[in-house]
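To keep things clear, I will list the structure first and then write my remarks on it.
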Amino acid sequence: MSRAQRARARHAAARDLRSRAAHAPVGTDRDELVSLLSAGDDDERHELTASTLRTHGLVTEPALLGVDPGTPLLLRRTGALAVQGAVIAGIAATAFGTARLWIYGLLFALATLLAAGLLLARADLADRLVPDAVPRGRWAGAVLAATLVAAVGILVAVPVYSARRGWL
Amino acid sequence: VTLRSRAHLVVLVAGALVVGAAAALLVAIHVNTIALDETIYKASAVHYTSGLPGSLMHDLTARGTARLYSLLIAPLFAVLDGDLAVRWARAFTTALYVASAIPVYLLARLVVRSRWGAVVAALATITAPWLVLTSALFSESLSLLAFCWTLVAMVHALRRPAWWRDVLVMTGLVVLLCTRVQLGALIPAWAIVVVLWQLREARALGLGVWDLGFILRRTLMRYPLTVLGVALVLVVLVALLAEGSLHHRIQVVFGGYSEIQDRTTLPIEPGRAISFEVVAFAVGVGLVPAILALGWLRAALLGRLGREAFDLALLGTILLSVLFAGTVFAQNGYLGVNSEERYYLYVLPLVWIGAVAAWEDGRVTRGWLAASGLGLAVLAATVDVGNVDLNATRFFLAPVAATVNHLSPRLSGDVESVLGVGPGRQVLVVSVVLLAGVVTVLLLRSRWGWAPLALALAVQLGVTVYAFEGTRGGLANVDSRILPMSFHELGWVDRATPGSPPVTWLDSELRVPGFADQERTALFYNDEISSVMKIGPQMLSPVGSPLDALPVVGLAPAGPTTLPAAPTGWFVELRDSPFIQLGGRLAAVDAVGPYELREVGARDRVTWIADSLADDGIVSKQRPARMLAPSGTRATLLLSAPTPAPTSVIVRAGGRRQVVRFARGAGERRVTLRLCAASGAVPVELRAERTTRLPDLRDVSVVVRGVHVTPVRC
């Protein structure tokens, strides 16, 4: 198996786990998760497993890092990571917009709030808006927020910018 | 551990000491002419002898962030007289340079199997022609040492990442930035290296784009200071850009170098600039090592020589590519006859390490070496490496190019005496490169395999000795940088002032060609000159660098018939200055320049002062000269005509009037005035009568070149 195929297989396994945890937490243990989701040196296998779970919007109870081998774990979905991703992307966009003109920052902040609100209140709708290829952790939130910020930018910020420059 | 098992280290250290001692004792401490950059480093060093850390932060002389070298040599200037401090600083600079042998040895041990091979690489690095840079107070000696140690730290940080190794790397990079602004380019280069290494490892682990979070966290844990530093720099840059003050901030931090950000044109012939340096460094190391190193580089980058060789080759390639690209851009491309090699010195350790590694490793094949030799010959054909100005300064700024320039006509003559036809310089260089390539390919893997490298070492040493001879004045048609004047004479101010009192430079010079060099020489060897006194705000144009970095003290201008009160203390003034002369004890006279040192007491007075005189001493229709002297003075004016045309001037003093005429082509004339009056001061006026027009549209009559004043009884 090539390196790229290995990476794809790892993420496919994580997606599969997420599907299995769609309605209720899934029982598993550390070694099973590590064998499915990790690669590389022994030192880093657990960190990579935990990272892959987070990437796909999954958490374990208790937390994967620090538990003994064979400890039963409950794997469940979380929307908090997607919200974090939206907020991180939104803060960057808002800071950039504010540095140019406060109104851009305000618009981008509103777009970010909209994305975060959507993720919290209508997770199913947000899930449909984000392409399937994007993992459902922070990436999904960041992509959703970036899309909304870009839309606001094109629809509002660009006309405002053009008007200020006298292009319109 | 026995001495025998450590014999290679003993040889390494002893060899470095011998090289350093020879360079310092035979040349460096005897050089008594100065290069412009030396005056800047030295001025900063003296500046740091008091008021640290404030003086370090507010250094008007320093170029951008380049302050560390001056800071290191500052203690010498704090405790020694100026001329002695200069000599010790040169010896110290030489020690810094040869100390590079140790980190080069450590680097070489990564890829060179034999300890003795690593010793050869290290000693060969420090005996290359650029050793001649130690004949001046230049920061390259420190930057080469710091670069080599930083490279060692980088290699280890990449092989076994740990936060403390990252701290060592970042410390090295900060040291480099604070030594030479040029080396700031290594900071983004290191960031590129870290990113590439992490991506390479991520790929090896089978990580994909969605694992970016893991890769970032992993990078942060391994290189915390690098990641945080880069992030901080990016945030600050974006913030300053958004605020609109980035341009100004870059100006503040990088000083004169910041003009790069205002460039609107691309560098001129950057490829030629790089070709010039590649060929110069190849010739400087004796060609064979360059051919071997290129062959080794290719094999290493293709992964044929193992992980260590690949890592060092890739690291060196990225660092030097970014550094040299930045340098070529900064210097605006090919500099022609003003080309310098010192900016590219950092390739030297890797050339010798690669050469020795290739020499002992059979996996570097003859075919690759042949390709390297041919490639080098093609490069040599594209640029005339000997095309530089031939002077003593060029022999340390570009020792190889200067050597090729000086030596090639003689070699060509020798060839002509044998073959009947003398090749041109470029043909000669290309032929020698091809010859070196053939010798390397034919002999390398034979029982005579040691011969090409030994021959190269001999050639390298020959070029080094030639460059030093260029500095010492041992070559025909090249001025020596060791002039027949003693350091004791040069440090005449410091030597004549017991207890190191502050001495004031009295701005009293005619702004004529060469005056700035005289100023620099006096200031360079005399540390006690710590301020500048100027007559009034507008009397003379500003003083030059580095005198302009000293604090300025004002002296009240003369009134129409009144002299200002004389300041007290120690003063260096121009002998027979037409602008100002102070009374007081003549403490010392400059044996090599036009200055004298006076100790002025409370009872002494101003003995001559100009109220109005152009700063080149010219009396014109637009600006007559008005000067004052105390009553009881005999003043002898030294006048000359500004052009060969006939002119005349009316001289009025003490109620008398006389016309001084200059016939066509007349030389200098002395006019003696006896100045006596009832009041305290006697005005002297020179008004143009017959004039000639200068290109600057002034109608001029005479130049007041000097005034010799002596007391006289009225």
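Against the conditions (1) among the small types (Gly, Ala, Ser); (2) within 12 Å of the chain's Cα centre (by Cα); (3) loosely packed, with under 15 Cβ neighbours inside 10 Å, where does A:Ala89 fall short? Just the number, please.
So A:Ala89 meets the others, but not (3).
Take the residues in region B:274-300 that are in contact with a Phe, Trp or Tyr (Cβ under 7 Å, 6 or more places away or on another chain) and more than 18 Å from B:Arg342 (Cα to Cα), then tell me which one is surrounded by the most Cβ atoms within 10 Å (Cβ to Cβ).
B:Pro289
Can you tell me which residue is surrounded by the most Cβ atoms within 10 Å (Cβ to Cβ) among those in region B:366-403 that are within 25 Å of B:Glu469 (Cα to Cα) and charged (D, E, K, R)?
Selected residue: B:Arg394.
Do the conditions hold for A:Gly90, that is, is it out of contact with any strand residue (DSSP E or B) (no Cβ under 9 Å at 6 or more places or on another chain) and more than 14 Å from every other protein chain (Cβ to nearest Cβ)?
Numbers: out of contact with any strand residue (DSSP E or B) (no Cβ under 9 Å at 6 or more places or on another chain): yes; more than 14 Å from every other protein chain (Cβ to nearest Cβ): yes.
Here the answer is yes, as A:Gly90 does meet what is asked.
Please specify each residue of region B:594-625 satisfying the condition of being over 27 Å from B:Arg495 (Cβ atoms) and out of contact with any strand residue (DSSP E or B) (no Cβ under 8 Å at 6 or more places or on another chain).
Within region B:594-625, just B:Asp615 meets the criteria.
Would you point out the residue of region B:404-452, among those that are hydroxyl-bearing (Ser, Thr, Tyr) and loosely packed, with under 14 Cβ neighbours inside 10 Å, that is nearest to B:Ala371 (Cα to Cα)?
Initial filter on region B:404-452 (hydroxyl-bearing (Ser, Thr, Tyr)): B:408, B:412, B:417, B:431, B:440, B:446.
Next, from what is left, pick out any that are loosely packed, with under 14 Cβ neighbours inside 10 Å: B:417, B:446.
Values: B:Ser417: 32, B:Ser446: 19 Å.
Residue satisfying both the conditions and the ranking: B:Ser446.
Can you tell which of B:Ala293, B:Ala313, B:Ala309, B:Ala299 is over 23 Å from the mean Cα position of the chain (by Cα), closer than 14 Å to B:Gly375 by Cα and touching a residue at least 40 places away in the same chain (Cβ under 8 Å)?
Working: B:Ala313 fails: closer than 14 Å to B:Gly375 by Cα; B:Ala309 fails: closer than 14 Å to B:Gly375 by Cα; B:Ala299 fails: closer than 14 Å to B:Gly375 by Cα.
On inspection, the qualifying residue turns out to be B:Ala293.
Quick check on this structure: which one of B:Leu56, B:Leu72, B:Leu76 is at pLDDT 95 or above, assigned to a helix (DSSP H, G or I) and more than 27 Å from B:Gln518 (Cβ to Cβ)? Please lay out each step first, then the result.
Working: B:Leu56 fails: at pLDDT 95 or above; B:Leu76 fails: more than 27 Å from B:Gln518 (Cβ to Cβ).
After applying the criteria, what remains is B:Leu72.
Select from region B:183-210 the residues that are assigned to a helix (DSSP H, G or I) and either small (Gly, Ala, Ser) or at positive phi (or both) and write down the one among them that is nearest to the other protein chains (Cβ to nearest Cβ).
Initial filter on region B:183-210 (assigned to a helix (DSSP H, G or I)): B:183-205, B:209-210.
Retained after the next criterion (residues that are either small (Gly, Ala, Ser) or at positive phi (or both)): B:184-185, B:189, B:191, B:202, B:204.
Values: B:Gly184: 25, B:Ala185: 27, B:Ala189: 26, B:Ala191: 19, B:Ala202: 9, B:Ala204: 7 Å.
Per the criteria, the residue is B:Ala204.
When the residues of region B:225-248 are narrowed to those that are within 14 Å of chain A (Cβ to nearest Cβ) and not hydrophobic (A, V, I, L, M, F, W, C), which ends up surrounded by the most Cβ atoms within 10 Å (Cβ to Cβ)?
Going residue by residue through region B:225-248, those that are within 14 Å of chain A (Cβ to nearest Cβ) are B:231, B:234-246.
Filter once more, keeping what is not hydrophobic (A, V, I, L, M, F, W, C): B:243-245.
Values: B:Glu243: 11, B:Gly244: 9, B:Ser245: 13.
Filtering region B:225-248 for residues that are within 14 Å of chain A (Cβ to nearest Cβ) and not hydrophobic (A, V, I, L, M, F, W, C), the one surrounded by the most Cβ atoms within 10 Å (Cβ to Cβ) comes out as B:Ser245.
Among the residues of region A:136-168, which ones are of a type in the set (Val, Ile, Thr), closer than 16 Å to A:Ala93 by Cα and out of contact with any Leu (no Cβ under 7 Å at 6 or more places or on another chain)? Step through it out loud before you land on a result.
The first filter runs over region A:136-168 and keeps only residues of a type in the set (Val, Ile, Thr), leaving A:143, A:147, A:149, A:152, A:154, A:156, A:158, A:160.
When the remaining residues are screened for being closer than 16 Å to A:Ala93 by Cα, the result is A:143, A:147, A:149, A:152, A:154, A:156, A:158.
Once the filter is applied, which keeps residues that are of a type in the set (Val, Ile, Thr), closer than 16 Å to A:Ala93 by Cα and out of contact with any Leu (no Cβ under 7 Å at 6 or more places or on another chain), region A:136-168 yields A:Val143, A:Thr147, A:Val149, A:Ile154, A:Val158.
For region B:30-44, what are the residues that are surrounded by 19 or more Cβ atoms within 10 Å (Cβ to Cβ) and more than 14 Å from the chain's Cα centre (by Cα)?
B:Val31, B:Asn32
Pairs please, first residue from region A:49-66 and farther than 15 Å from A:His11 by Cβ, second anywhere and among the hydrophobic types (A, V, I, L, M, F, W, C), Cβ atoms under 6 Å, 6+ apart in sequence or on different chains.
A:Thr60/A:Leu73; A:Thr60/A:Leu75; A:Glu61/A:Leu74; A:Leu64/A:Ala50; A:Leu65/A:Ala50
Any chance you could count how many residues in region B:98-138 are of a type in the set (Ser, Thr, Tyr) and outside any helix (DSSP H, G or I)?
Step one: list which residues in region B:98-138 are of a type in the set (Ser, Thr, Tyr), which gives B:100, B:105, B:114, B:125, B:127, B:134-135.
When the remaining residues are screened for being outside any helix (DSSP H, G or I), the result is B:100, B:114, B:127.
The total comes to 3.
Just give me the residues in region B:71-91 being touching a helix residue (DSSP H, G or I) at 6+ places or on another chain (Cβ under 6 Å), without any contact (Cβ under 8 Å) to a residue 40 or more places away in the chain and under 11 Å from B:His47 (Cα atoms), in sequence order.
Selection gives B:Ala74 alone.
Could you count how many residues in region A:93-135 are of a type in the set (S, T, N, Q) and within 14 Å of chain B (Cβ to nearest Cβ)? Let's see the steps before the verdict.
From region A:93-135, those of a type in the set (S, T, N, Q) are A:94, A:98, A:112; that's our starting set.
With the extra rule that they be within 14 Å of chain B (Cβ to nearest Cβ), the set shrinks to A:94, A:98.
Residues in region A:93-135 being of a type in the set (S, T, N, Q) and within 14 Å of chain B (Cβ to nearest Cβ): 2 in total.
Tell me the strands (runs of 3 or more DSSP E) entirely within region B:521-637 that contain at least 2 residues that are on the phi > 0 side of the Ramachandran plot, crowded, with 17+ Cβ neighbours inside 10 Å and out of contact with any helix residue (DSSP H, G or I) (no Cβ under 7 Å at 6 or more places or on another chain). Give the steps one after another, and end with the answer.
Working: elements: B:529-535, B:552-555, B:569-574, B:580-582, B:585-589, B:595-600, B:606-612, B:618-620, B:625-630.
Qualifying strands (runs of 3 or more DSSP E): none found.
Got a number for residues in region A:96-122 being more than 10 Å from A:Ala86 (Cβ to Cβ), at pLDDT 85 or above and assigned to a helix (DSSP H, G or I)?
Number satisfying all stated conditions: 13.
Since A:Thr78 meets every condition but one in (1) hydroxyl-bearing (Ser, Thr, Tyr); (2) away from chain B (no Cβ under 13 Å); (3) buried (at least 20 other Cβ atoms within 10 Å of the Cβ), which condition does it not meet?
That leaves (3) as the condition not met.
Hey, could you check region B:139-180 for residues that are charged (D, E, K, R) and in a helix (DSSP H, G or I) and say which is farthest from B:Leu71 (Cα to Cα)? Write out each step before concluding.
Residues of region B:139-180 charged (D, E, K, R): B:140, B:159-160, B:165-166, B:180.
In the following step, the residues that additionally are in a helix (DSSP H, G or I) were identified as B:140, B:159, B:165-166.
Numbers: B:Glu140: 14, B:Arg159: 33, B:Arg165: 26, B:Asp166: 25 Å.
In this case the residue turns out to be B:Arg159.
Taking A:Ala146 as the residue in question, decide whether it is small (Gly, Ala, Ser), surrounded by 13 or more Cβ atoms within 10 Å (Cβ to Cβ), touching a residue at least 12 places away in the same chain (Cβ under 8 Å) and away from chain B (no Cβ under 14 Å).
Working: small (Gly, Ala, Ser): yes; surrounded by 13 or more Cβ atoms within 10 Å (Cβ to Cβ): yes; touching a residue at least 12 places away in the same chain (Cβ under 8 Å): yes; away from chain B (no Cβ under 14 Å): yes.
Answer is yes for this residue.
Here is a list: B:Ser500, B:Ser480. Which entry is part of a loop (DSSP other than H, G, I, E, B) and either touching a Gly at 6+ places or on another chain (Cβ under 7 Å) or surrounded by 20 or more Cβ atoms within 10 Å (Cβ to Cβ) (or both)? Step through it out loud before you land on a result.
Numbers: B:Ser500 fails: either touching a Gly at 6+ places or on another chain (Cβ under 7 Å) or surrounded by 20 or more Cβ atoms within 10 Å (Cβ to Cβ) (or both).
Among B:Ser500, B:Ser480, only B:Ser480 is part of a loop (DSSP other than H, G, I, E, B) and either touching a Gly at 6+ places or on another chain (Cβ under 7 Å) or surrounded by 20 or more Cβ atoms within 10 Å (Cβ to Cβ) (or both).
Within region B:264-275, identify whether any single residue is part of a helix (DSSP H, G or I), away from every other protein chain (no Cβ under 14 Å), modelled with pLDDT of 90 or more and closer than 28 Å to B:Arg200 by Cβ, and answer yes or no. Step through it out loud before you land on a result.
Residues of region B:264-275 that are part of a helix (DSSP H, G or I), as a first pass: B:270-275.
After this cut, where a residue has to be away from every other protein chain (no Cβ under 14 Å) as well, the list is B:270-275.
Among the residues that remain, those that are also modelled with pLDDT of 90 or more are: B:270-275.
After this cut, where a residue has to be closer than 28 Å to B:Arg200 by Cβ as well, the list is B:274.
Looking for residues that are part of a helix (DSSP H, G or I), away from every other protein chain (no Cβ under 14 Å), modelled with pLDDT of 90 or more and closer than 28 Å to B:Arg200 by Cβ, one finds at least one in region B:264-275, hence yes.
Taking region A:51-75 on its own, how many of its residues are within 14 Å of another protein chain (Cβ to nearest Cβ) and either at pLDDT 90 or above or in a strand (DSSP E or B) (or both)?
Applying the first criterion (within 14 Å of another protein chain (Cβ to nearest Cβ)) to region A:51-75 yields A:51-58, A:64-65.
Next, from what is left, pick out any that are either at pLDDT 90 or above or in a strand (DSSP E or B) (or both): A:51-58.
Selection size over region A:51-75: 8.
I'd like the full set of residues that are within 21 Å of A:Arg77 (Cβ to Cβ), modelled with pLDDT under 90, within 11 Å of chain B (Cβ to nearest Cβ) and in a helix (DSSP H, G or I), limited to region A:13-46.
Residue satisfying the conditions is A:Leu37 alone.
So B:Pro53 ticks every box in (1) over 30 Å from B:His248 (Cβ atoms); (2) surrounded by fewer than 18 Cβ atoms within 10 Å (Cβ to Cβ); (3) of a type outside the set (Asp, Glu) but one. Which box is left unticked?
(1)
The values are calculated or read from the model by the stated rules, or taken from the named source; none is laboratory data. These figures come from a predicted structure and were not determined experimentally. Ideal geometry is used to build each Cβ from the backbone, glycine not excepted, and the neighbour counts take in all protein chains shown.
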